[in-house]
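Notes follow the structure.
The values are calculated or read from the model by the stated rules, or taken from the named source; none is laboratory data. This is a predicted model, so every value here is computed, not measured. Every residue, glycine as well, gets a Cβ built from its backbone with ideal geometry; the counts of neighbours run over all protein chains shown. Just so you know, the surface numbers come from the protein's heavy atoms only, side chains and all, with ligands and any DNA or RNA stripped out. Shrake-Rupley method; radii C 1.70, N 1.55, O 1.52, S 1.80 Å.
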Amino acid sequence: MSTMIMFNQVNKWYGAYQALTDLSAEINTGEVVVVCGPSGSGKSTLIRTVNRLEPIDNGQIVFDGTDIHGSSTRLNQLRTRIGFVFQSFNLFPHVSVAENIMMSPMKVLGMKRAEARQQAGELLERVGLSHKADAYPAQLSGGQQQRVAIARALAMKPPVMLFDEPTSALDPEMVGEVLSVMRSLAQEGMTMMCVTHEMNFAREVADTIWFMDQGQILEKSTPEKFFTQPQHPRAQRFLSDLRSH
Ligand SMILES: Nc1ncnc2c1ncn2[C@@H]1O[C@H](COP(=O)(O)OP(=O)(O)O)[C@@H](O)[C@H]1O
Ligand SMILES: [Mg+2]
């Protein structure tokens, strides 16, 4: 099994506040990792270091053989290979759904318009939105916009997808449609790192759960083990708090 992403003794500070402490972990090709933990534990910081939205102070993050924070690493090239879906949808409002998906492959990869259009159609079918190709983002629900955001990321054929709370900004009735697209991606073998509070998704889809607190991963385990016999007292408390809410 090959390693897709490796965090090696990563430390990061925001000023005097240490947000990540000696963090080491790896994600294998095809693995689905769900990162969970209390608010402020460093989950977003960690995931944002992978595509260098956040710098690190020391340590190393290696993605597919490339030292992400290395001084000679070309940022634009790196980001085309890492799909990232955030809490907010960030679609381009003035172009259609299909154009949103066609833009990067045409601009960055030099894909011909006809091919990009065909690929957009296939991706929209995959996320269940074939009928919305010519709509504008504002005409879609939040759940639909987030599915377009996933299709747009997939258009670059990234070997890995990062998700930072992709369903947190959605009305409850739209959460399921987004999780179901993520679930099918996982089943197709996509390597995924997902920050989410959706514990049913974590239980069903994750290969590995990372539990974070105070900038460290306190526990890495399978969902079965994490949800039935969490080892770390902080993880036990986190899960019992979730259950009592
Ligand atoms: N840009 C920033 N400047 C200063 N502190 C930050 C910044 N971003 C996050 N933090 C702090 O770092 C800690 C981890 O934040 P974050 O990674 O967003 O946690 P999580 O995603 O787990 O809620 C928090 O204490 C937060 O206040
Ligand atoms: Mg966060």
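Quick notes on this one:
- Residue within the range 138-145 that is assigned to a helix (DSSP H, G or I), away from ligand 2 (no atom under 16 Å from the Cβ) and under 17 Å from the mean Cα position of the chain (by Cα) present: yes
- Which listed residue, of Arg152, Arg126, is under 27 Å from Thr45 (Cβ atoms) and either open to solvent by 40 Å² or more (accessible area, probe 1.4 Å) or not aliphatic (A, V, I, L, M) (or both): Arg152
- Candidates Thr208, Thr167: the one that is farther than 25 Å from Ala98 by Cα and surrounded by 15 or more Cβ atoms within 10 Å (Cβ to Cβ) is Thr208.
- Filter pass, Pro137 being crowded, with 20+ Cβ neighbours inside 10 Å and more than 14 Å from Val85 (Cβ to Cβ): yes
- Extreme residue, surrounded by the fewest Cβ atoms within 10 Å (Cβ to Cβ), among residues of the range 12-41 that are in contact with a Leu (Cβ under 8 Å, 6 or more places away or on another chain) and farther than 29 Å from Gln187 by Cβ: Lys12
- Every condition in (1) part of a loop (DSSP other than H, G, I, E, B); (2) within 19 Å of the chain's Cα centre (by Cα) holds for Val148 except the one numbered (1).
- Note on the range 42-60: among residues that are open to solvent by 30 Å² or more (accessible area, probe 1.4 Å) and at positive phi, the one that is modelled with the lowest pLDDT is Arg52.
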